[in-house]
1. In region 258-283, which residue that is farther than 26 Å from Asn181 by Cβ and loosely packed, with under 14 Cβ neighbours inside 10 Å is farthest from the chain's Cα centre (by Cα)?
2. Filtering region 157-193 down to residues that are under 22 Å from the mean Cα position of the chain (by Cα), part of a helix (DSSP H, G or I) and surrounded by fewer than 19 Cβ atoms within 10 Å (Cβ to Cβ), which residue is modelled with the lowest pLDDT?
3. Tally up the residues in region 327-346 that are more than 14 Å from Arg305 (Cα to Cα), surrounded by 15 or more Cβ atoms within 10 Å (Cβ to Cβ) and of a type in the set (D, E, K, R), please.
4. Working carefully through the options Glu140, Glu136, Glu113, Glu93, find the one that is farther than 22 Å from Ser73 by Cα, open to solvent by 10 Å² or more (accessible area, probe 1.4 Å) and in contact with a strand residue (DSSP E or B) (Cβ under 9 Å, 6 or more places away or on another chain).
5. So the check is Cβ under 7 Å with 6+ separation or different chains; which pairs have a first residue in region 217-245 that's charged (D, E, K, R) and a second one that's in a strand (DSSP E or B)?
6. Among the listed residues Arg350, Arg324, identify the single one that is under 20 Å from Phe391 (Cβ atoms), open to solvent by 60 Å² or more (accessible area, probe 1.4 Å), free of Cβ contacts under 8 Å to residues at least 40 places away in the same chain and under 26 Å from the mean Cα position of the chain (by Cα).
7. Taking the stated definitions as given, is Arg401 open to solvent by 50 Å² or more (accessible area, probe 1.4 Å), under 27 Å from His317 (Cβ atoms) and out of contact with any Gly (no Cβ under 6 Å at 6 or more places or on another chain)?
8. Have a look at Arg246, Arg255 and point out the one that is within 18 Å of Ala167 (Cα to Cα) and either part of a helix (DSSP H, G or I) or within 18 Å of the chain's Cα centre (by Cα) (or both).
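The values are calculated or read from the model by the stated rules, or taken from the named source; none is laboratory data. In this text, all values refer to a predicted model and were calculated from it rather than measured experimentally. So basically every Cβ, Gly included, is an ideal-geometry build from the backbone, and we count neighbours across all protein chains shown. Only protein heavy atoms, including side chains, enter the accessible area calculation; ligands, DNA and RNA are left aside. Shrake-Rupley method; radii C 1.70, N 1.55, O 1.52, S 1.80 Å.
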Amino acid sequence: MSATSASSTTSGSLKLDPVRALQHALYRAAKADPGRRFHALGDKVHRRDVLRRAWAMVRRNNGAPGIDATTLSDVEEYGVDRLLDELAADLREGGWRPLPARRVFIPKPGSVERRPLSIPAVRDRVVQAALKIVHEPVFEADMLACSFGFRPRRGAHDALQVLIDQAWQGRRWVVETDIANCFEAIPHEKLMRAVEERVCDRSVLKLLRAMLRAGVMEDGQVRRPVTGTPQGGVVSPLLANVYLHRLDRVWDVRRHGVLVRYADDAVVMCSTREQAEAALERLKALLAELGLEPKAAKTRIVHLRVGGGGVDFLGFHHRWVTSRPRGGRRPVEFLARWPSDRAMLHARDRVRDLTDRRRLLRPVKVIVEDVNAFLRGWASYFRFGNSAHRFDQIGSYARMRIGGFLAKKHRRSRKFGWSVVAFASPDSLGLIALHGTVVAPRPFRDWRGRPNAGGERRR
């Protein structure tokens, strides 16, 4: 497609989608003037088409109800248009007040720890989504290349590619860290000052303050802490990125190495041990200025070398290895990655849960479909790596669990169940195969197969 036709296609899609046109205009205005503060955003938040798009986002995520016990189905029964009209009126007249979020604790994959999750009421999630739609383009114009989490057209595999590229260029001293309780620890006043660098609309700032002060209900008690943008809120990832942008923009790549940040997870790729130690000290100092700190148990310096240790980042374990000699070719050293031990433990736990004996009354076909749905999602993420061996392990474990489920259901031996899955059924009862699906990462060519930055190496 030519540049002219691509431009006309984009222009046509913007005309057909007024919400996208609004976002595009806000982004261009923010990008053109980095010092501009936006003073007229509130009227865009309660625009009917923006609220309609916000509802679509909330509905697509299919979340649980808040403290008012109102479900998404309840809203549809009540009338989506009716709810959006009421929200628009409340926002326009300044009468919207958020309810406290419902606090629940969910297990962290591969860990005994539990992560606090705050679930706002459905109507409050719609307002948060509308705020995100309007404000994300403004702040996105300022975001830097080192930030990858919860951003449009960026994702985990883009961040992972930077590790491949930088390690190939010789930056193999790695600072690995995780910001402790990031979403819960961000100070409200400092966060609002970060927002006010770009937004001066008093009605919008009032909405954001109301969201932050709404608090959470836990064990029947409402707590209103002065820190945190609760994990589970629609707008929370954007606010966290806005706050952590203060770290990104003062990071000196030449002195301290290449920072790669995905929300509150970060690594720094350095050339020497001295640079890595300086980078860690700089990171601690910058986080302290923000009222944050690295999680001690997950903070360390690793030297990527053959026979040395590795780094866990975004679900993958990264390790410097030597290729096997083939056809007389000399072995090549490279950064390999495969699902981490925690990712493997999470996969086994999930397959075990889906094939648990409490589900024996369900047909085997349904159990296989549920396992397949999980395996497809899990494998679609981890296939971009050197994951063949670990895929075989998870595939074998899934077949074993399906065989065990079949044996329990028919009150037969495990040998019977395994023989049905492995031999009696031509397609293992429909269980998908994971072998042959991996794509090995390559330096300076992203996971989509395209050269990075037009084929140029990242600096």
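1. Selected residue: Glu274.
2. Looking at residues that are under 22 Å from the mean Cα position of the chain (by Cα), part of a helix (DSSP H, G or I) and surrounded by fewer than 19 Cβ atoms within 10 Å (Cβ to Cβ), I get Glu184.
3. Step one: of region 327-346, the residues more than 14 Å from Arg305 (Cα to Cα) are 327-331, 338-346.
Going one step further and asking which of them are surrounded by 15 or more Cβ atoms within 10 Å (Cβ to Cβ), we end up with 338-340, 342-344, 346.
Next, from what is left, pick out any that are of a type in the set (D, E, K, R): 342.
Number satisfying all stated conditions: 1.
4. Going through Glu140, Glu136, Glu113, Glu93 in turn, just one is farther than 22 Å from Ser73 by Cα, open to solvent by 10 Å² or more (accessible area, probe 1.4 Å) and in contact with a strand residue (DSSP E or B) (Cβ under 9 Å, 6 or more places away or on another chain): Glu113.
5. That search, which allows pairs on different chains as well, returns Glu218/Arg103; Arg223/Val216.
6. When all the criteria are applied, what remains is Arg350.
7. no
8. Details: Arg246 fails: within 18 Å of Ala167 (Cα to Cα).
Just one listed residue meets the conditions, Arg255.
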